[in-house]
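Enquirer: Okay, handing you the structure first.
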Amino acid sequence: MAEIAQITLDGPAASGKSSAAQGLAKELNAYFVNTGDMYRALTSVVLSKGIDPETQPEEIEKILPEQDIRYVSGEGLELLLQINGQLAQASQVRSPEVAAKVSLVAKVPAVRQWLVKRQRQSAELGLIVMEGRDIGTVVFPEAKFKFYVSASPLVRAQRRLVQEGEVSEGATVEKVAAEIAKRDEMDMNRAVSPLKPAEDAIKVDTSDLPLEEVISLMATIVRKGLS
Ligand code: CDP
Ligand code: CDP
């Protein structure tokens, strides 16, 4: 397969992947795709239909053919997530209710197959920065630039706690840390496409690194590799 100049970022919850990926895409004039929001979008549909992802995974598979979750072009390089023709709202995809169930939906093999196919289609757009859990290992295993972003569990919980709309009312750092740990555990131990660094990924621990430094470090590596 020909070498693909795609840029992948994988890592656990609240490690700073999407902020770094978004910033990097801006620096490089590339498209940015957040695949976690695609899994979250499907989870919001599943929950709205009253399907329990824990006990009824087969019901999720049944509704897939009627669903349409995709990124469409917005202004310039902006990509907008649509759920069945409607623009996805942050309140819909980033809610604590969706966060609590998304890993159960994401471990269904048919769901992964269905979404990975859609994610690969984005490669046709041009230079792309895509973030998620299995982008460097499964979606674009031939990508030229792969990063695995991490941060300590405490730092990640502290970061998530202050993100508006992402945690329940009255949440504490301990509670958020426990929720994140539960989701990471599921993501790292599922049978299909578990979260793990690709063998050729560059590991970036962002615990003590400001976001701007993370972006600049990655941009330097990519620019050097592209020139
Ligand atoms: O933003 P945060 O790190 O909390 O999570 P996310 O990137 O929005 O991803 C939400 C969930 O979707 C993850 O916990 C995984 O269960 C699933 N996911 C996945 O399985 N594969 C991906 N490529 C992206 C997300
Ligand atoms: O996508 P993921 O869940 O991995 O993390 P995020 O939503 O991009 O980042 C979580 C929060 O950490 C955001 O408010 C970022 O501004 C902040 N942060 C960061 O992303 N990277 C750093 N090096 C420092 C802070």
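Enquirer: Can you tell me, using C-alpha contacts under 8 Å and at least 6 residues apart, the relative contact order of the chain as a whole percent? Don't skip to the answer; put the middle values down first.
Expert: Working: 348 pairs, mean separation 77.2, N = 227.
That works out to 34 percent.
Enquirer: Something else about it: Compute a Gaussian network model of the chain, connecting alpha carbons closer than 10 Å, and tell me which residue from 103, 15, 95 fluctuates the most.
Expert: Between 103, 15, 95, it is 95 that shows the largest mean-square fluctuation.
Enquirer: Pick out the long, greasy-scoring helices in the chain: whole DSSP H runs spanning 18 Å or more along their own axis by Cα, mean Kyte-Doolittle at least -1.0.
Expert: Working: long enough: 35-48 (20 Å, 0.50); 109-121 (19 Å, -1.26); 173-189 (24 Å, -0.66); 211-226 (22 Å, 0.95).
Helices meeting the span and hydropathy rule in the chain are 35-48, 173-189, 211-226.
Enquirer: Which lysines, on any chain, are close to residue 17 with Cα under 17 Å apart, when same-chain ones fewer than 8 places away are left out?
Expert: Excluding near neighbours in sequence, the set is 26, 146, 196, 203.
Enquirer: With the chain treated as a Gaussian network of Cα nodes joined by springs under 10 Å, which of 191, 20, 157 yields the largest mean-square fluctuation?
Expert: Taking springs between Cα atoms under 10 Å, the residue moving most is 191.
Enquirer: What's the exposure ranking of 224, 196, going from fewest to most Cβ atoms within 10 Å?
Expert: Values: 224 8, 196 15.
Lowest to highest Cβ neighbour count: 224, 196.
Enquirer: Rank 62, 144, 107 by mean-square fluctuation in a GNM of the chain with C-alpha springs under 10 angstrom and give only the top-ranked residue.
Expert: Of 62, 144, 107, the most mobile in the Gaussian network model is 62.
Enquirer: Only Cα pairs under 8 Å and at least 6 apart count here; give the relative contact order of region 47-158 as a rounded whole percent. It would help to have the intermediate numbers written out before the result.
Expert: On the way: 60 pairs, mean separation 20.3, N = 112.
Over region 47-158, the number comes to 18 percent.
Enquirer: Another one. When the gyration tensor of the chain is built from Cα positions, what are the square roots of 5 times its three eigenvalues, in whole Å, from largest to smallest?
Expert: Details: eigenvalues 134, 94, 55 Å².
So the three semi-axes of the chain are 26, 22, 17 Å.
Any read-out appearing in this document is the output of simple, stated calculations on the displayed coordinates, not a laboratory observation. Note that this is a predicted model, so its numbers are computed, not measured. Virtual Cβ from ideal backbone geometry, glycine too; neighbours counted across all protein chains shown.
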